[in-house]
Amino acid sequence: MPGEIDYKRMLPLMFAVFVNIAGFSLILPLLPFYGRLFGAGAFEIALLFAAYSLGNVVGEIFWGRQSDRWGRRAVLVATTTGAAVTYIAFAYAPGLWLAIAIRILNGFFGGTLSVAQGFLADASQPEKRAKAMGLFGASFSLGFAFGPVIGGLLAGKGDALADFHAPILVAAGFCALTAVWSLLVLRDVRAPLGKAAPLPRYGDALHYVATHPLLLRLFTISFFGIAAFASMEAVYGLWTKANFGWTAEQLGLAFIAIGAGGLIVQLFFLHPLVVRFGEGWVIVGGLVLLAASMLLQPILREPTVAVLLMGTLMMGHSLAFPTSGALTSRTAPMERQGSVMGLLMASNALGRIVAPPAFGLLYDFGHDVPWYVGAAMIALVVPVALGVVALASKQVLASV
């Protein structure tokens with residue numbers, strides 16, 4: 001029915017997203033402790049985070065385009081199977097640099113958020129796109145809440161490399177479950193274009209975005225905002241261990257606040273706020289909350305507050321970036337959904353590549369410096385978001 005969301009097709013995808021993100025996020029709180037066992041410093045630990053995103057850059061562009069051609073379901077089955085295999089290899093990596101190389105390959109197979117978002121675009125009308133992306137974000141946040149807790153509990157104190165085998169193998173199991181679920185339950189909404197249809201050139205989507213004022217601003221916001229958020233993820237474990245003496249288990253439990261903050265926003269607030277104020281103002285509000293959470297973390301410096309601020313940080317993230325993604329999807333024409341959303345995910349992944357190692361160096365310079373730099377980075381993007389408010393309003397008026 002026009003204007004409605006195809007829940008029958010979307011809900012199975014939501015479960016697939018939940019399981020896949022739970023597997024991905026399961027090992028995030030473990031990486032600082034895992035890296036230390038290889039003798040890694042803050043920079044090398046940040047590389048463990050960034051390596052996954054390096055693979056993501058290639059994966060998001062490649063799989064997004066392939067999903068237009070072969071179908072979303074086929075790509076999800078192939079990629080989650082590949083991710084399961086690379087997680088198993090990561091569990092038994094004999095050294096730091098091989099572990100980093102495996103993380104790159106794991107990121108390549110994990111570069112399917114654009115595929116899932118393309119599926120959502122297929123199953124929802126443009127006027128319902130923000131609500132559909134809210135459901136996607138809720139599944140993402142729910143997986144992000146459960147995954148780190150499971151990883152932290154399974155790793156315990158994380159004093160030996162063997163402690164990390166079980167949680168990483170569970171992550172592999174989650175990916176395998178997603179592959180089976182996608183194969184047996186998911187069904188494409190739109191018929192694949194097939195081999196006969198030529199794939200768009202890589203430069204086409206880039207040129208289209210660069211010459212589109214609204215898309216260019218949305219890409220800029222996502223790049224810098226997600227770069228700052230990923231950097232906070234990378235240093236949070238090191239910062240809490242240095243300030244509060246937290247173990248991998250305690251850090252995993254703290255990640256509940258991160259997932260819960262995003263889940264609350266996306267289930268109860270995101271859609272009503274978009275309806276009331278419009279996408280542009282929701283993006284601005286999310287960025288302001290994100291910057292404030294980063295700024296207050298080193299100032300207040302107390303364990304309970306540190307957890308709560310990570311929750312509000314995720315709330316700001318969950319307001320700004322699913323909304324930005326929904327507006328990007330609604331702005332891109334249907335025939336460019338796969339390529340534009342793939343380019344967006346690749347752009348975000350690029351931010352997660354370059355920023356965490358740089359913030360790792362900043363952490364070595366001063367443990368509180370990354371929080372202040374991250375807050376400043378977000379603050380500089382707020383004027384760009386204010387430009388989105390005006391352009392998005394014009395787009396709405398033009399469509400009436």
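The table below lists the values:
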{"quantity": "In Hz, Karplus ³J(HN,Hα) per residue of the stretch 115-125 (6.51, -1.76, 1.60; θ = phi - 60°; x = Gly, Pro)", "calculated": "5, 5, 5, x, 4, 5, 5, 5, 9, 9, 6"}
{"quantity": "15 Å Cα-Cα reach of LYS8 towards aspartates and glutamates, excluding residues that sit fewer than 8 places from it in its own chain", "calculated": "ASP122, ASP188"}
{"quantity": "Average Cα contact separation per residue, the chain, under 8 Å, 6 or more apart, as relative contact order %", "calculated": "29"}
{"quantity": "Per-residue HN-Hα couplings for the stretch 349-354 [Karplus 6.51, -1.76, 1.60; θ = phi - 60°; Hz; x = Gly/Pro]", "calculated": "5, 4, x, 6, 7, 7"}
{"quantity": "Cα gyration tensor, the stretch 222-262 - rounded (a/c under 1.5), prolate or oblate", "calculated": "oblate"}
{"quantity": "Within a Gaussian network of the chain (alpha carbon springs, distance under 10 Å), most fluctuating of ALA390, ALA84, ALA205", "calculated": "ALA390"}
{"quantity": "Inter-probe distance in nm under a simple model that places probes 7 Å from Cα toward Cβ, at ALA379 and ALA166", "calculated": "4.5"}
{"quantity": "Max mean-square fluctuation residue, GNM over the chain, Cα-Cα springs under 10 Å, options ALA171, ALA51, ALA379", "calculated": "ALA379"}
{"quantity": "Within a Gaussian network of the chain (alpha carbon springs, distance under 10 Å), most fluctuating of ALA78, ALA116, ALA160", "calculated": "ALA160"}
{"quantity": "Whole-Hz ³J(HN,Hα) from phi, Karplus 6.51 cos²θ - 1.76 cosθ + 1.60, for the stretch 87-102, glycine and proline x", "calculated": "5, 4, 4, 5, 4, 10, 4, x, x, 4, 6, 5, 4, 5, 5, 5"}
{"quantity": "Charge sum, other residues only, whose C-beta stays under 15 Å from SER393's C-beta, Lys/Arg counted +1 and Asp/Glu -1", "calculated": "+3"}
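Every number in this text was worked out from the coordinates using simple rules, so none of it is lab data. Quick caveat, the model's predicted, so the values are computed rather than measured. Every residue, glycine as well, gets a Cβ built from its backbone with ideal geometry; the counts of neighbours run over all protein chains shown.
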